[in-house]
Amino acid sequence: MRRRSRARELAVQFLYQLDLRGDEVLDSLQEFVEAETDDKEVREFAIRLALGTRRTLEDSDRCLREVARNWDLKRMATLDRNVLRMAVFELMHCPDIPPKVTINEAIEIGKKFSTANSGAFINGILDRVRLDLIERRADQIADSGETQSLSQDS
């Protein structure tokens with residue numbers, strides 16, 4: 001298994017625990033990944049994903065609520081919800097990771113650890129998130145161009 005794939009699996013497993021047990025388990029993240037792997041690169045990436053996802057949880061959940069209009073986050077399968085949260089963190093805050101890779105990895109984790117329908121569900125949600133992010137970035141670029149143009153006209 002590839003290192004980043006393994007790290008994503010560990011991060012999702014930890015996020016699952018965090019979702020069920022609360023922030024009290026945050027202090028055990030380092031211990032958890034060290035018990036699961038000796039690979040320093042896997043540990044570091046898993047920790048980056050888990051902490052980043054937790055740190056941006058409100059933004060990720062807001063984004064997911066906007067996209068999954070007919071789904072209450074609490075009614076989603078716990079594993080699916082956490083795969084989606086982690087993938088949204090990657091899409092929004094990890095420009096070093098291509099969106100296609102993030103989405104494909106999330107689909108594979110969903111298929112492996114959740115239900116038979118999880119892959120398609122995760123794909124649909126994340127593709128919409130990806131398109132919304134592209135649209136927002138295009139709007140930001142257009143807005144900054146208009147702002148620049150206005151300041152140059154003055």
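Test of understanding: what is the full-extension gain from I141 to L20, defined as 0.36 nm times their sequence separation minus their Cα-Cα distance?
Working: separation 121, 0.36 × 121 = 43.56 nm, distance 3.94 nm.
Contour length minus Cα-Cα distance gives 39.6 nm.
Each residue of the range 38-44 in turn: what ³J(HN,Hα) in whole Hz from Karplus with 6.51, -1.76, 1.60 and θ = phi - 60°, glycine and Pro shown as x?
Per residue, the Karplus-derived 3J(HN,Hα) values read 8, 6, 4, 5, 5, 4, 5 Hz.
Tell me the Kirkwood radius of the range 3-66: reciprocal of the mean inverse pair distance over distinct alpha-carbon atoms, in Å.
Details: mean 1/r = 0.0836 Å⁻¹.
After inverting the mean inverse Cα-Cα distance, the result is 12.0 Å.
Assuming R0 = 22 Å, what is the FRET efficiency of L57 and S28, from their Cβ-Cβ distance, to the nearest 0.05? Walk me through the intermediate numbers first.
Working: r = 18 Å, r/R0 = 0.81.
E between L57 and S28, to the nearest 0.05, is 0.80.
How large is the convex hull of the C-alpha atoms of the chain per residue, in Å³?
131 Å³
Considering Cα pairs under 8 angstrom that are at least six residues apart, work out the relative contact order of the range 3-153 and quote it in whole percent.
On the way: 130 pairs, mean separation 31.5, N = 151.
Contact order relative to length: 21 percent.
Tell me, what ³J(HN,Hα) does each residue in the range 108-122 have, in order and in whole Hz, if you take phi through Karplus 6.51 cos²θ - 1.76 cosθ + 1.60 with θ = phi - 60° and put x for Gly and Pro?
Ordered by residue, 3J(HN,Hα) equals 5, 5, x, 5, 6, 10, 10, 8, 5, 8, 4, x, 5, 4, 4 Hz.
None of the figures in this text is laboratory data; all of them are computed from the coordinates on show. Because the structure is a prediction, the values reported are computed rather than measured. Glycine gets a Cβ as well: all are built from the backbone with ideal geometry, and neighbour counts include every protein chain shown.
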